[in-house]
Every structure is written in C-alpha cells, then in structure tokens.
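Quick notes on the structure that follows.
The values are calculated or read from the model by the stated rules, or taken from the named source; none is laboratory data. Every value quoted in this text rests on a predicted model; they were computed, and no experiment measured them. FYI the Cβ positions are ideal-geometry reconstructions off the backbone, even for glycines, and counts take in every protein chain you see.
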C-alpha cells in the first residue's frame, strides 16, 4: 500500500490568506518524513518552500510568501490574483509529490458579490427587463469565473483560464463603471 498525496485550497473572503489543507492518504506502515510545500505566486519564478507535517492545515499570507514582508497582521496585503503553482512532497521528495496550478480569484469574487448585491438592492427601482438583463450579465460573468478556474485547475490550461478570468474582470469593470 502506497501513500497518495492530495492538497486542497479552502476558499475565503479574506483575500490576505491562502489556506491549504492536506487531504492525503498515508501508508500507516511508513513514517512521513521531510514534508515540503512549495508555493510559487503569480509573477514569481521561484517557489517559497515550507517545511510542514502530514495532515497540515495552514494559512499562507503575503509575508510568509515573501510578497510584502511584515510582522504585523494589520500590514498584510491581499495576495495577488492569478495562477499559483503548488507542489507538495514527502520523502523521497523527488519521486513522491503532487503538483497543482490554482487560480486565485478572491478579489474578483468579492467584486462579483458586490455587483450582485447592488443589483438586488436596486431591484425595486428597475423595470423587470432591466433587472433580467443585468442578472443575465452577472450570470455570464459567474460562468466565466467558474470556467476560468476549471481551465486552470482541472485542464491545466493556464493561458485559456487567465483569458477567461480577464474577460470576467473586464465585464465587472464595465458593470461598475456604468453604475449598473
């Protein structure tokens, strides 16, 4: 029986944190040694490496990822949006590992939620046609956002996923610019 490695991100509306948990199955007859997690944020070439333990549940922030070092919680900045490369390995690390690409779109999700709440707040002042048109536009944006994550995380097509992410962001900008 061999170990099977798996990690998962836990979504949050606090864009300063990326929470990863270990969902691996470990062979109970073999000690888990030298557990490492490597995270390469978007726009960076080299990963930040962390020693960890089996069954970890860890929140990473801008300071830990060396994006904006700070010792104060109040000075943490939102993590950048985009594709994160994540690798988790145990001894022997060169052969027992799993790699993921993860599309972080936390700030985009918050912008979408704000646009949706704005529409719902304005429902009584809009005609049924105006409301339905804006609702359909928001549904399309959400579908683009979901497809972007799927393209990156499930199909490994980062460029296509980022194109969809950018299209959803552009549409959100248009909604916010026109006050819809």
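Kindly provide the set of residues from the stretch 59-83 that are surrounded by fewer than 13 Cβ atoms within 10 Å (Cβ to Cβ) and farther than 14 Å from residue 43 by Cα, ordered by number. Matches in the stretch 59-83: 69, 71, 72, 73, 74, 75. Given the criteria within 18 Å of residue 96 (Cβ to Cβ) and either modelled with pLDDT of 95 or more or crowded, with 16+ Cβ neighbours inside 10 Å (or both), does residue 30 qualify? It is false that residue 30 is within 18 Å of residue 96 (Cβ to Cβ) and either modelled with pLDDT of 95 or more or crowded, with 16+ Cβ neighbours inside 10 Å (or both). Remark: residue 122 matches the filter, which requires a residue to be surrounded by fewer than 17 Cβ atoms within 10 Å (Cβ to Cβ) and outside the structural domain of residue 59 (by TED's automatic domain parsing). When the residues of the stretch 15-34 are filtered to those that are part of a strand (DSSP E or B) and without any contact (Cβ under 8 Å) to a residue 60 or more places away in the chain, the one that is nearest to residue 82 (Cα to Cα) is 19. Scanning the stretch 35-54 for residues that are within 26 Å of residue 68 (Cβ to Cβ), in a loop (DSSP other than H, G, I, E, B), touching a residue at least 40 places away in the same chain (Cβ under 8 Å) and over 12 Å from the mean Cα position of the chain (by Cα) returns a single hit, 47.
Taking the conditions (1) surrounded by 15 or more Cβ atoms within 10 Å (Cβ to Cβ); (2) within 30 Å of residue 167 (Cα to Cα); (3) in contact (Cβ under 8 Å) with a residue 24 or more places away in the chain in turn, residue 88 satisfies each one other than (2).
For (1) in the same structural domain as residue 40 (by TED's automatic domain parsing); (2) within 30 Å of residue 36 (Cα to Cα); (3) in contact (Cβ under 8 Å) with a residue 60 or more places away in the chain, each residue gets a yes or a no:
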residue	(1), (2), (3)
126	no, no, no
134	no, no, no
141	no, no, no
146	no, yes, no
160	no, yes, no
169	no, no, yes
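Scoring residue 8 on the criteria (1) surrounded by fewer than 18 Cβ atoms within 10 Å (Cβ to Cβ); (2) in contact with a strand residue (DSSP E or B) (Cβ under 9 Å, 6 or more places away or on another chain); (3) part of a loop (DSSP other than H, G, I, E, B) leaves a single failure, condition (3).
Looking only at residues in the stretch 125-170 that are part of a loop (DSSP other than H, G, I, E, B) and out of contact with any helix residue (DSSP H, G or I) (no Cβ under 9 Å at 6 or more places or on another chain), the one that is surrounded by the fewest Cβ atoms within 10 Å (Cβ to Cβ) is 127. Going by the conditions given, is residue 112 in contact (Cβ under 8 Å) with a residue 24 or more places away in the chain and within 30 Å of residue 34 (Cα to Cα)? In short, no.
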